[in-house]
Amino acid sequence: KSSKREWKPLEDHSCTDVPWLLLFILFCVGMGFICGYSIATGAAARLLSGYDSYGNICGQKNVKVEGIVNSGLDLTHKKYVFFLDPCNIDLVHQKIKSVALCVSACPRKELKTLADIQKFAETNGSTLCSYELQSSEYTTDPRAAKLCPKYPVPESAPIPFFHRCAPVNISCYAKFAEALITFVSDSSVLHRLISGVMTSKEIIMGLCLLSLVLSMILMVIIRYISRVLVWIVTILVILGSLGGTGVLWWVYAKQRMSASALETQIAKDNLQALLIYAIAATVFTVILFLIMLIMRKRVALTIALFHVAGKVFIHLPLLVFQPFWTFFVLILFWAYWITVLLFLGTTGSPVPNEEGFVEFRMVGPLKYMWWYHAVGLIWISEFILACQQMTVAGAVVTYYFTREKKNLPFTPILASVNRLVCYHLGTVAKGSFIITLVKIPRMILMYIQTQLKGKENACARCMLKACICCLWCLEKCLTYLNQNAYTATAINSTNFCTSAKDAFVILVENALRVAAINTVGDFMLFLGKVLIVCSTGLAGVMLLNYQRDYTIWVLPLIIVCLFAFLVAHCFLSIYEMVVDVLFLCFAIDTKYNDGSPGREFYMDKVLMEFVENSRKSMKEAGRGGGAESRELKPM
């Protein structure tokens, strides 16, 4: 008995995993050093102001680079980078393979001949040919064919804040885009897809806004009618899937019978896409019905937790906005990370290359800053997501283990954030680092797989995919265990390893309940996501049906449905998190309390009714004394 530690919810608060917090702070200091180093070495100036192929930064005086003829120039009045051949893109190294010069103005109209280039230089004072060639020599010097830009020179405009002259008409990048989309063999298909998106951009924006509104409405429904939510979502999904499938077949039959169905290529593409959509929707509906038929007897197990979760959102309305704050912080960090990454791309010492131009390369240990920066992206992103999990867990734990709900803090979310910052940042840092350790080798293996694609044998390809799959499964399992460890930390204020062990023991003792409640609960939330995606997709089909003769549907519908799923996932993942935290609290409550004086339950009355009903049904089903009934015996 002495080896068993009692749970004491919210009684003690102490700092947890302090060494890991110090390690995380040191790591962040290293990230700051990388940013400071790149700025101090001039990378920020080279990124923002731009530089030419000779190492000169545009818009300022420069220092001579040994061995480079045109380096060390005074380019104070030449503030823009101009590429002699801006459409020559190196697909392998993903950069513009062209000589870059600093010019005083970008050509605002197309220049078709050398005479036009010479006239532009004399009129605007902006020389578009190499520095050693005078503007008066453009039409007479034979070197002009090599030292001047490839003509016709496209109309260009400076990119805001980055001082690069970019072609106004980006059609010259069409080959680059088509090379990225390898499944498109006919370039006309790509052009029709892009034109379809541009034609229906207002509809796409409206449908994305509709998905956001539907997600908010679904969250409101969860708050107020959680008891009947399961059945409402089930019925709506049945009607939505049947209606969506029926509408797709109806639209397909109507267009096929119409006289103009085969007149244009766009109409033919839409007809084929509708057939594929209709068949896929039919298969999906049949599979969905089969799954719902199997799960129908276990749906009742989730109603009690869903009802209590709805009460949680009523008492803690700020939980709904957690995805916004997390997404906002992630966007800020990713913007910082990308900025520093761009700095690193232009940092280092100037080194002449084999073509006689200048490249900036990092030498010695500093060249490994790329790897450090990449690890920082994963660890800090996981840290931000873990902070959200700990915040939600702390707020729900406070709600569950407060007997009198009128004694709740004024803002439990802010109280949870305060406890996180004061006591548990080290635990969050350790948990996120464990996920990072699993993500890094998986990403390395995925990179190796892409590099060896088409070169490795079947056995190596199978082994790579198996390793990637195993690491992905391990990452998902650790993520689930981490979330429960954060809940245990919020309850007992213990360090990460102790909390993870305690949470694991509780989950193992309730293995079948975990499987039933999580499976059914996750499935019902998945149905909510399906409902939002189907509703948004159905609205998209109805709206795009009016533009069927000049708009191709494939890409707009894919964009809208993906956005709708992401929005629904962001909102409903918070609800899923609340249900998981409530279940762990419920399991701990039923294990260490029995309702007797001094050991009263903390749980809501709805959960008490759920326990009593479960006991009655289990007693009736367990009279035979089978192994399953013994494992399902009330705790």
Complete set of residues in the range 322-341 that are surrounded by 13 or more Cβ atoms within 10 Å (Cβ to Cβ) and within 17 Å of CYS387 (Cα to Cα): GLN322, PRO323, TRP325, THR326, PHE327, VAL329, LEU330, PHE333, TRP334
Quick one: in the range 462-482, which of the residues that are under 19 Å from VAL397 (Cα atoms) and more than 19 Å from the chain's Cα centre (by Cα) is surrounded by the most Cβ atoms within 10 Å (Cβ to Cβ)? ASN482
Kindly state which helices (runs of 4 or more DSSP H) lie completely within the range 178-261 and contain at least 3 residues that are at pLDDT below 70 and surrounded by 13 or more Cβ atoms within 10 Å (Cβ to Cβ). 187-199, 226-257
Might you check whether a residue that is out of contact with any Leu (no Cβ under 7 Å at 6 or more places or on another chain) and not in a helix (DSSP H, G or I) occurs anywhere in the range 387-403? yes
Would you confirm, using the coordinates I've provided, whether ILE444 is over 30 Å from HIS13 (Cβ atoms), free of Cβ contacts under 8 Å to residues at least 24 places away in the same chain, in the same structural domain as LEU385 (by the TED database) and assigned to a helix (DSSP H, G or I)? yes
Do the conditions hold for LYS8, that is, is it modelled with pLDDT of 85 or more, assigned to a loop (DSSP other than H, G, I, E, B) and open to solvent by 80 Å² or more (accessible area, probe 1.4 Å)? no
From THR436, THR498, which residue is open to solvent by 30 Å² or more (accessible area, probe 1.4 Å), modelled with pLDDT of 90 or more and not in a loop (DSSP other than H, G, I, E, B)? THR498
Please go through the range 404-426 and give me each residue that is without any contact (Cβ under 8 Å) to a residue 24 or more places away in the chain and not in a helix (DSSP H, G or I), ordered by number. GLU404, PRO409, PHE410
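Matching residues to (1) modelled with pLDDT of 75 or more; (2) open to solvent by less than 10 Å² (accessible area, probe 1.4 Å):
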site	(1), (2)
ILE68	yes, yes
THR76	yes, no
VAL81	yes, yes
CYS87	no, no
VAL92	no, no
LYS95	no, no
SER98	yes, no
PRO107	yes, yes
Residues in the range 588-605: is at least one at pLDDT 85 or above, open to solvent by less than 70 Å² (accessible area, probe 1.4 Å) and either part of a helix (DSSP H, G or I) or not assigned by the TED database to the domain that holds LEU527 (or both)? yes
Contacts under 8 angstrom Cβ, first residue in the range 52-67 being closer than 18 Å to ASN353 by Cα, partner part of a loop (DSSP other than H, G, I, E, B) and open to solvent by 70 Å² or more (accessible area, probe 1.4 Å), 6 or more apart: TYR54/VAL69
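The values are calculated or read from the model by the stated rules, or taken from the named source; none is laboratory data. Bear in mind that the values here come from a model prediction, so they are computed numbers and not experimental data. As a convention, Cβ positions derive from the backbone with ideal geometry for all residues, glycine included, and neighbour counts pool all protein chains shown. Calculation scope for accessible area: heavy atoms of the full protein, side chains included, ligands and nucleic acids excluded. Shrake-Rupley method; radii C 1.70, N 1.55, O 1.52, S 1.80 Å.
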